[in-house]
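Worksheet for the structure shown next.
The numbers here are math on the coordinates, done by the rules we state, and not lab data. It should be emphasised that the depicted structure is a prediction, and the values quoted were computed from it without experimental measurement. Glycine also receives a Cβ, built like all others from the backbone with ideal geometry; neighbour counts cover every protein chain displayed.
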Amino acid sequence: MNEILIKKVDGKQLMNDFIHVPRTIYQNCSQYVPDLDSDVRKLFDIRETPGLEFSDIQPFVAYRNHIPVGRIVGIVNRKANKRWGTHNVRFSMIEFIDDLEVSKALLHTVEEWGKERGMDTLQGPLGITDFDKEGMLVEDFDMLGSMNTIYNPDYYPRHMEALGFEKEVDWLQVHIDIPQETPARYARVAQYAREQIGLRVIKLTDKQIFNEGYGLRVFELLNEAYKPIFGFSALTPRQIERYIHKYLKMVDKQLIPVVLNDKDEVVGVAISMGSLSKSMQKAHGQLLPLGWYHLLKALKWHHEDNAEMLLIAVRPDYQGLGVNAMFFDDLIPIFNKCGFKWAETGPQLEDNVRELSQWKPLHPQFVKRRRCYKKII
């Protein structure tokens, strides 16, 4: 029999199958960067994922002849639906073999799961929050993935179109070669921002982040700056606490320029880090026995050739006043010191013209288009 059976993940063995599905699909793929198994398990634990306080979530696994051939997660983010006036059920972490019946069964399962909860539209790939992986890759499948973005085979978008899904939004990533010197335009604007507006760049210490409230101030800024962005819902205090420890604790603080105004208010932040792509590949999803060593080496000694610019946020009333130039003026010499040859941003909405245009002096390439699909259910 070739019947496809979809099982709701509700135990350890089914979760193991859920985690192992990508290993079959990507076993010969040099571009794929695996998640840590422990991170996947934590996603479904409310103690580790505070977003579950306002979200319903359910993972599923598809089987054929008792063999796992696909997986998917259904998410209803009640907070985001209230913020945007929608009734959306999201799908996330979707993986499937190149068989339309498998992808159809997985997506149909989440459709029905969402309908049971009063939802009328299926959209994704999206996570619980805007800081989770989002957007299905639709171009540049030959380029190396990253730990904070989705990689998928080229047949995935073909399946989505065949199943009646349409584009909701697209994101692009910005790829730049690191120049030896800061472009004159950035240096000039940064100097103006320092001298005429009274802005300055600082690098936070652990004491400032955890004891003096700067970690909280950074994420409060993110809430304010990202408020109008597609699908975003403000982070709760528990989420902020979790992200402070998840991101700010492990990264090199020299790669996180924070811009203060003359009142010592946080008006901008850029979070970047050395790439962990190759280290994550070497870890094969496991911290033990040696996965931790590969990750630590990349974090502390920057043994990979590129940096990942995870996010940039500027307080709305300071946008267009030189804060972004101050980030570049600060980071380019540090990137050179670390030996980084190139850098990539995280996904940025293609219609965010202001955000994308700031990269022009660095002769950017816009790569890795990825898409959020939607379908009325």
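Taking the Cα centre of the chain as reference, the dipole from Cβ charges on Lys and Arg (+1) and Asp and Glu (-1) amounts to some 620 debye. Relative to its Kirkwood radius, the Cα radius of gyration of the chain gives an Rg/Rh of 0.97. The order of the peptides 341-350, 305-314 by mean Cβ neighbours within 10 Å, most packed first, is 305-314, 341-350.
Against the chain, whose longest principal axis is taken from its Cα atoms, helix 291-301 shows a tilt of about 20°.
With contacts defined as alpha carbon pairs under 8 Å and 6 or more residues apart, what's the relative contact order of the chain in percent? Can you show the working numbers first?
Working: 707 pairs, mean separation 84.9, N = 377.
It comes to 23 percent, rounded to a whole number.
Of all DSSP-defined beta bridges confined to the chain, some 90% are antiparallel rather than parallel.
Using a cut-off of 9 Å between beta-carbons, work out the net charge of the residues near Met326 (Lys and Arg +1, Asp and Glu -1, Met326 not included). Spell out each step's value before the answer.
Working: positive: Arg194, Arg200; negative: Asp329, Asp330.
Around Met326, the surrounding residues sum to 0.
Basic side chains Lys and Arg get +1 at the Cβ, acidic Asp and Glu get -1 at the Cβ, and with that the dipole of region 124-277 about its Cα centre reaches some 680 debye.
Taking the longest Cα principal axis of the chain as reference, the axis of helix 12-25 is set at about 70 degrees. Residue by residue, region 150-160 carries 3J(HN,Hα) couplings of 7, 10, 8, x, 6, 7, 4, x, 5, 5, 4 Hz when phi is fed to the Karplus relation 6.51 cos²θ - 1.76 cosθ + 1.60 (θ = phi - 60°); x denotes Gly or Pro.
Ranking Gln31, Ala80, Val9 by how far each Cα lies toward the positive end of the dipole of region 1-98 (charges on Cβ) leaves Ala80 at the top. Packing order of peptides 62-69, 365-372, highest average first: 365-372, 62-69 (average count of other Cβ atoms within 10 Å over each peptide's residues).
Region 21-87 and region 310-377 have Cα centres spaced 27 Å apart.
Peptides 44-51, 241-248 ranked from most to least packed, by the mean per-residue count of other Cβ atoms within 10 Å: 241-248, 44-51. Using the Karplus relation 6.51 cos²θ - 1.76 cosθ + 1.60 with θ = phi - 60°, the per-residue 3J(HN,Hα) values for region 77-87 come to 8, 5, 5, 5, 4, 5, 4, 9, x, 10, 10 Hz, with x marking Gly and Pro. Using alpha carbons only, how many degrees (0 to 90, rounded to 10) separate the axis of helix 100-115 from the longest principal axis of the chain? Value to nearest ten degrees: 80.
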